[in-house]
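Notes follow once the structure below has been shown.
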Amino acid sequence: MPRPSFLRSAIRLIRPHQWSKNLLIFVPMAFAHLLGNPVAVLHATIAFFAFSFTASVGYIFNDIQDRERDRLHKTKKHRPLASGAITAPMGGGIALLLLAAAVAMGAYLGRYLLCSMAGYLLLTTAYSRWLKKRVLIDVMLLASLYTSRIIVGSVATQVVPSMWLLSLSMFIFFSLALVKRLTELMPLHPDKQSGSLHGRDYAYPDSDTLRSMGIAAGTTAVLVLALYIDSAQAANQYANPLWLWPSCAVLWYWISRMWIKTARGEMHDDPIVYSLTDRGSWVSFAAIAFCWVAASLDFEPHLR
């Protein structure tokens with residue numbers, strides 16, 4: 001079987017499919033009604049690529065560290081560094097080029113964005129080296145890393161994130177982080193009462209607890225959204241907040257559906273990536289977007 005080309009291996013190494021998670025950078029701008037502002041869009045786009053390159057640097061260094069162990073894994077052995085398609089020095093060179101590009105773009109947007117990117121890289125390194133082996137700390141950190149993308153978007157576009165948005169994000173991402181962990185636990189045999197999961201501090205008996213915590217966190221996110229819609233801030237920010245209410249039902253449906261897919265064993269090991277390729281998720285996102293656009297329009301629904 002012929003080896004893949006260097007270019008193809010390099011693309012696989014930086015994992016551009018994972019960049020889809022960084023679309024969260026555009027969320028603060030969207031909630032601040034700045035999607036029509038070309039300067040805000042430009043800054044968010046630059047931050048998107050700067051953050052994506054930074055994330056890829058973390059992936060590469062993690063793969064360099066784990067390449068010997070990955071060679072013993074049934075699927076990870078096909079990764080470019082583990083398979084030998086790219087050597088460790090070559091991978092390090094690619095990482096340094098990406099880091100230089102990320103720093104240049106981050107510097108264009110200011111030192112606060114650079115600090116945010118550096119903080120993300122430090123957290124991901126701490127997660128990969130130590131914290132992913134700590135029960136619950138790992139999923140809490142994963143939720144924080146997802147939320148950090150929203151903070152980066154706020155820094156890039158100079159939009160102050162509301163506590164409503166940050167609270168909503170933390171509960172949603174905590175629920176999705178538990179989806180990810182439960183997806184990894186489900187293949188284990190029910191009789192497995194002890195031992196770790198791929199070097200993590202979880203065993204099959206934890207499944208019911210993680211499932212309960214995840215569903216509760218997702219339901220709390222819906223409650224946070226409902227409280228926001230009924231708040232003075234929503235009344236000041238939207239011409240007609242009444243149209244926001246259906247988005248609560250849609251969000252509740254989407255979170256519940258993610259957990260049902262997990263219970264059926266149909267969930268991808270990364271729920272964010274799964275949701276971006278899932279038709280039901282796209283329909284849900286479109287419905288929520290419609291509600292929020294309708295709430296922004298200056299007209300009143302007449303209820304008779």
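The values are calculated or read from the model by the stated rules, or taken from the named source; none is laboratory data. Bear in mind that the values here come from a model prediction, so they are computed numbers and not experimental data. We place every Cβ from the backbone using ideal geometry, glycine too, and count neighbours over all the protein chains shown.
Tabulated results
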read-out: Enumeration of residues in segment 31-64 that are surrounded by 16 or more Cβ atoms within 10 Å (Cβ to Cβ) and of a type in the set (G, A, S); value: A32, A40, A44, A47, A50, S52, A55, S56, G58
read-out: Answer from S9, S52 - the residue that is more than 30 Å from T157 (Cα to Cα) and part of a helix (DSSP H, G or I); value: S9
read-out: Qualifying positions in segment 67-100 - modelled with pLDDT of 90 or more and surrounded by 17 or more Cβ atoms within 10 Å (Cβ to Cβ); value: L98, L99
read-out: Unmet criterion (only one of (1) part of a loop (DSSP other than H, G, I, E, B); (2) under 22 Å from the mean Cα position of the chain (by Cα); (3) not assigned by TED's automatic domain parsing to the domain that holds I11) for L178; value: (1)
read-out: Helices (runs of 4 or more DSSP H) lying entirely in segment 203-304 (those with 3 or more residues that are of a type outside the set (K, R), out of contact with any Phe, Trp or Tyr (no Cβ under 7 Å at 6 or more places or on another chain) and modelled with pLDDT of 90 or more); value: 207-229, 245-263, 279-296
read-out: Output for segment 126-167, where each listed residue is of a type in the set (S, T, N, Q) and in contact with a Gly (Cβ under 8 Å, 6 or more places away or on another chain); value: S128, S148
read-out: Boolean, V41 is without any contact (Cβ under 8 Å) to a residue 40 or more places away in the chain and in the same structural domain as V155 (by TED's automatic domain parsing); value: yes
read-out: Wholly within segment 69-160, helices (runs of 4 or more DSSP H) carrying at least 2 residues that are closer than 30 Å to A203 by Cβ and of a type in the set (G, A, S); value: 111-129, 137-157
read-out: Hits in segment 88-125 (condition: among the aromatic types (F, W, Y), closer than 14 Å to T157 by Cα and within 23 Å of the chain's Cα centre (by Cα)); value: Y112
read-out: Lone qualifier among A40, A102, A82, A107 - being closer than 30 Å to N236 by Cα and among the small types (G, A, S); value: A40
